[in-house]
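Structure record follows, encoded as structure tokens.
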């Protein structure tokens, strides 16, 4: 996917499902972090995260990946 796809979806109010990064706090039990997931994109931006049918294993893997990222981010002096 190109950045132009995102811009086009916004400018043309296309209601396209694109993989973009946004805050996912609470979704799938995730911490306050931004990750790339399928999201509905239109003139208002990334408006709605598309709910994925994850297996229990996939959900745990996603949670673990986000936990690792969250812990790394917490160590940074931002």
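The values are calculated or read from the model by the stated rules, or taken from the named source; none is laboratory data. Because the structure is predicted, anything quoted here is derived from the model rather than measured. Glycine gets a Cβ as well: all are built from the backbone with ideal geometry, and neighbour counts include every protein chain shown.
Scanning the range 25-55 for residues that are at pLDDT below 95 and over 14 Å from the mean Cα position of the chain (by Cα) turns up 53, 54.
Only one of (1) surrounded by 15 or more Cβ atoms within 10 Å (Cβ to Cβ); (2) free of Cβ contacts under 8 Å to residues at least 40 places away in the same chain; (3) under 19 Å from residue 74 (Cα atoms) fails for residue 24. Which number is that? Unmet for residue 24, out of (1) surrounded by 15 or more Cβ atoms within 10 Å (Cβ to Cβ); (2) free of Cβ contacts under 8 Å to residues at least 40 places away in the same chain; (3) under 19 Å from residue 74 (Cα atoms): (2).
Where strands (runs of 3 or more DSSP E) fall entirely within the chain, those with at least 1 residues that are in contact with a helix residue (DSSP H, G or I) (Cβ under 8 Å, 6 or more places away or on another chain) and on the phi > 0 side of the Ramachandran plot are at 45-49. Figure legend. Inter-residue proximity from the range 36-61: first residues more than 19 Å from residue 21 (Cβ to Cβ), second residues modelled with pLDDT under 95 and in a strand (DSSP E or B), beta-carbon distance below 9 Å, spacing 6+ or different chains. No pairs are indicated.
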